[in-house]
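Taking it in order: structure first as C-alpha coordinates, then the write-up.
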Amino acid sequence: MLEDCKSALERWGGVHNLIDRWLDERRDLLVQFVELKEACDAELEAVSKAQIDRFSELLMDYISAGHFEIYPQLREEARAFEDEAALALADSLLTRLEMSTELVLSFDAEYDSPGRVRQHLGRLPAWLERLAHGLTERFSLEDRLIGRVHAAHAPDAARAELRSL
(Lines give C-alpha, C1' and ligand atoms only; values in the text may rest on other atoms or scores of the structure.)
Protein backbone atom coordinates (compact mmCIF):
# COMPACT_ATOMS: atom_id res chain seq x y z
CA MET A 1 0.00 0.00 0.00
CA LEU A 2 2.85 2.37 0.82
CA GLU A 3 4.38 1.67 -2.60
CA ASP A 4 1.07 2.52 -4.27
CA CYS A 5 1.04 5.87 -2.47
CA LYS A 6 4.62 6.62 -3.54
CA SER A 7 3.72 5.68 -7.10
CA ALA A 8 0.71 8.02 -6.98
CA LEU A 9 2.93 10.81 -5.68
CA GLU A 10 5.32 10.34 -8.59
CA ARG A 11 2.58 9.99 -11.16
CA TRP A 12 0.39 12.91 -10.13
CA GLY A 13 3.39 15.07 -9.31
CA GLY A 14 4.23 14.77 -13.02
CA VAL A 15 0.72 15.93 -13.87
CA HIS A 16 1.28 18.90 -11.59
CA ASN A 17 4.39 19.85 -13.60
CA LEU A 18 2.43 19.46 -16.85
CA ILE A 19 -0.28 21.78 -15.51
CA ASP A 20 2.33 24.30 -14.35
CA ARG A 21 3.86 24.41 -17.84
CA TRP A 22 0.41 24.79 -19.37
CA LEU A 23 -0.43 27.68 -17.06
CA ASP A 24 2.87 29.30 -18.09
CA GLU A 25 1.68 28.95 -21.70
CA ARG A 26 -1.55 30.65 -20.66
CA ARG A 27 0.43 33.57 -19.29
CA ASP A 28 2.43 33.83 -22.54
CA LEU A 29 -0.82 33.74 -24.49
CA LEU A 30 -2.25 36.57 -22.41
CA VAL A 31 0.88 38.68 -22.90
CA GLN A 32 0.61 38.19 -26.66
CA PHE A 33 -3.11 38.98 -26.53
CA VAL A 34 -2.45 42.29 -24.76
CA GLU A 35 0.30 43.18 -27.23
CA LEU A 36 -2.00 42.48 -30.19
CA LYS A 37 -4.86 44.45 -28.60
CA GLU A 38 -2.56 47.40 -27.92
CA ALA A 39 -1.32 47.28 -31.53
CA CYS A 40 -4.94 47.33 -32.74
CA ASP A 41 -5.77 50.25 -30.47
CA ALA A 42 -2.68 52.19 -31.57
CA GLU A 43 -2.99 51.74 -35.34
CA LEU A 44 -5.12 48.93 -36.70
CA GLU A 45 -3.81 49.26 -40.26
CA ALA A 46 -0.25 48.69 -39.01
CA VAL A 47 -1.07 45.28 -37.47
CA SER A 48 0.80 42.64 -39.43
CA LYS A 49 -0.07 39.08 -40.31
CA ALA A 50 3.03 38.04 -38.35
CA GLN A 51 1.59 39.61 -35.17
CA ILE A 52 -1.73 37.86 -35.72
CA ASP A 53 0.04 34.59 -36.52
CA ARG A 54 2.13 34.71 -33.32
CA PHE A 55 -1.01 35.19 -31.25
CA SER A 56 -3.00 32.58 -33.18
CA GLU A 57 -0.19 30.02 -32.88
CA LEU A 58 -0.01 30.45 -29.10
CA LEU A 59 -3.78 30.29 -28.91
CA MET A 60 -3.99 27.08 -30.94
CA ASP A 61 -1.11 25.49 -29.01
CA TYR A 62 -2.77 26.34 -25.69
CA ILE A 63 -6.16 24.98 -26.75
CA SER A 64 -4.57 21.84 -28.21
CA ALA A 65 -2.54 21.18 -25.07
CA GLY A 66 -5.70 21.42 -23.02
CA HIS A 67 -7.69 19.04 -25.21
CA PHE A 68 -4.98 16.49 -25.95
CA GLU A 69 -2.77 16.57 -22.84
CA ILE A 70 -4.28 18.27 -19.80
CA TYR A 71 -7.94 17.26 -19.90
CA PRO A 72 -7.23 13.57 -20.59
CA GLN A 73 -4.69 13.52 -17.73
CA LEU A 74 -7.21 15.10 -15.36
CA ARG A 75 -9.88 12.59 -16.37
CA GLU A 76 -7.40 9.74 -15.89
CA GLU A 77 -6.51 11.08 -12.47
CA ALA A 78 -10.18 11.24 -11.46
CA ARG A 79 -10.68 7.67 -12.72
CA ALA A 80 -7.60 6.44 -10.85
CA PHE A 81 -8.94 7.94 -7.64
CA GLU A 82 -12.45 6.61 -8.43
CA ASP A 83 -13.77 10.14 -8.07
CA GLU A 84 -17.13 9.90 -9.85
CA ALA A 85 -18.16 13.44 -8.85
CA ALA A 86 -14.98 14.82 -10.40
CA LEU A 87 -15.59 12.82 -13.59
CA ALA A 88 -19.14 14.18 -13.83
CA LEU A 89 -17.88 17.74 -13.32
CA ALA A 90 -15.14 17.18 -15.91
CA ASP A 91 -17.71 15.99 -18.46
CA SER A 92 -19.90 19.01 -17.79
CA LEU A 93 -17.05 21.51 -17.98
CA LEU A 94 -15.49 19.94 -21.06
CA THR A 95 -18.80 20.30 -22.89
CA ARG A 96 -18.89 23.99 -21.99
CA LEU A 97 -15.26 24.44 -23.10
CA GLU A 98 -16.24 23.40 -26.62
CA MET A 99 -17.87 26.79 -27.21
CA SER A 100 -14.62 28.68 -26.76
CA THR A 101 -12.75 26.04 -28.75
CA GLU A 102 -15.07 26.68 -31.70
CA LEU A 103 -14.50 30.42 -31.28
CA VAL A 104 -10.72 29.95 -31.39
CA LEU A 105 -10.92 27.72 -34.47
CA SER A 106 -13.10 30.31 -36.23
CA PHE A 107 -10.62 33.08 -35.37
CA ASP A 108 -7.72 31.02 -36.70
CA ALA A 109 -9.59 30.33 -39.96
CA GLU A 110 -10.58 34.01 -40.32
CA TYR A 111 -6.93 35.14 -40.37
CA ASP A 112 -5.17 32.15 -41.93
CA SER A 113 -3.81 33.86 -45.05
CA PRO A 114 -2.43 37.27 -46.01
CA GLY A 115 -5.47 37.92 -48.17
CA ARG A 116 -7.88 37.06 -45.37
CA VAL A 117 -5.92 39.29 -42.97
CA ARG A 118 -6.28 42.23 -45.37
CA GLN A 119 -9.93 41.41 -45.97
CA HIS A 120 -10.86 41.01 -42.29
CA LEU A 121 -8.44 43.36 -40.50
CA GLY A 122 -11.27 45.76 -39.68
CA ARG A 123 -12.98 42.95 -37.72
CA LEU A 124 -9.92 42.24 -35.58
CA PRO A 125 -10.88 44.50 -32.62
CA ALA A 126 -14.32 42.86 -32.43
CA TRP A 127 -12.69 39.43 -32.65
CA LEU A 128 -10.37 40.29 -29.79
CA GLU A 129 -13.32 41.37 -27.67
CA ARG A 130 -15.12 38.07 -28.35
CA LEU A 131 -11.94 36.15 -27.63
CA ALA A 132 -11.42 38.08 -24.39
CA HIS A 133 -14.89 37.08 -23.24
CA GLY A 134 -14.54 33.47 -24.42
CA LEU A 135 -11.07 33.00 -22.95
CA THR A 136 -12.08 34.54 -19.63
CA GLU A 137 -14.85 31.98 -19.33
CA ARG A 138 -12.56 29.21 -20.56
CA PHE A 139 -9.86 29.99 -18.02
CA SER A 140 -12.45 30.03 -15.25
CA LEU A 141 -13.79 26.62 -16.31
CA GLU A 142 -10.29 25.19 -16.62
CA ASP A 143 -9.38 26.51 -13.17
CA ARG A 144 -12.51 24.84 -11.74
CA LEU A 145 -11.56 21.60 -13.45
CA ILE A 146 -8.00 21.72 -12.15
CA GLY A 147 -9.15 22.72 -8.69
CA ARG A 148 -11.74 19.98 -8.41
CA VAL A 149 -9.91 17.13 -10.08
CA HIS A 150 -6.21 17.69 -9.57
CA ALA A 151 -6.06 19.73 -6.37
CA ALA A 152 -8.21 17.13 -4.61
CA HIS A 153 -5.65 14.44 -5.49
CA ALA A 154 -2.48 16.51 -5.50
CA PRO A 155 0.72 15.10 -4.05
CA ASP A 156 0.34 17.24 -0.92
CA ALA A 157 -3.02 15.58 -0.24
CA ALA A 158 -1.44 12.17 -0.83
CA ARG A 159 1.43 13.04 1.52
CA ALA A 160 -1.04 14.04 4.23
CA GLU A 161 -2.84 10.73 3.67
CA LEU A 162 0.49 8.90 3.97
CA ARG A 163 1.21 10.61 7.29
CA SER A 164 -2.15 9.52 8.67
CA LEU A 165 -1.43 5.82 7.96
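The values are calculated or read from the model by the stated rules, or taken from the named source; none is laboratory data. Note that this is a predicted model, so its numbers are computed, not measured. Glycine gets a Cβ as well: all are built from the backbone with ideal geometry, and neighbour counts include every protein chain shown. Heads up: the accessible areas ignore ligands, DNA and RNA and are worked out on the full protein's heavy atoms, side chains in. Shrake-Rupley method; radii C 1.70, N 1.55, O 1.52, S 1.80 Å.
Some observations on this one:
- Verdict on S100 being more than 16 Å from H150 (Cβ to Cβ), under 13 Å from the mean Cα position of the chain (by Cα) and part of a helix (DSSP H, G or I): yes
- E69 open to solvent by 60 Å² or more (accessible area, probe 1.4 Å), acidic (D, E), more than 17 Å from W127 (Cβ to Cβ) and at pLDDT 90 or above: yes
- Tally, over the range 72-83, of residues that are in contact (Cβ under 8 Å) with a residue 24 or more places away in the chain and open to solvent by 20 Å² or more (accessible area, probe 1.4 Å): 5
- Look at the range 27-50: where a residue is more than 19 Å from R118 (Cα to Cα) and a partner is open to solvent by 70 Å² or more (accessible area, probe 1.4 Å), sitting 6+ places away or on another chain with Cβ atoms under 8 Å, you get Q32/R54.
- Filter result for S64 (assigned to a helix (DSSP H, G or I), open to solvent by 40 Å² or more (accessible area, probe 1.4 Å) and either modelled with pLDDT of 95 or more or of a type outside the set (D, E, K, R) (or both)): yes
- Exactly one residue among R116, R130 is basic (K, R) and closer than 22 Å to E38 by Cβ, and that residue is R130.
- Boolean, D53 is assigned to a helix (DSSP H, G or I), touching a Phe, Trp or Tyr at 6+ places or on another chain (Cβ under 9 Å) and without any contact (Cβ under 8 Å) to a residue 60 or more places away in the chain: yes
- Unique match (being surrounded by 13 or more Cβ atoms within 10 Å (Cβ to Cβ), touching a residue at least 60 places away in the same chain (Cβ under 8 Å) and in a helix (DSSP H, G or I)) among A86, A90: A86
- Within the range 1-43, the only residue that satisfies the criterion of being more than 14 Å from the chain's Cα centre (by Cα), modelled with pLDDT of 90 or more, hydrophobic (A, V, I, L, M, F, W, C) and more than 20 Å from H133 (Cβ to Cβ) is A42.
- Residue within the range 68-89 that is charged (D, E, K, R) and within 18 Å of A132 (Cβ to Cβ) present: no
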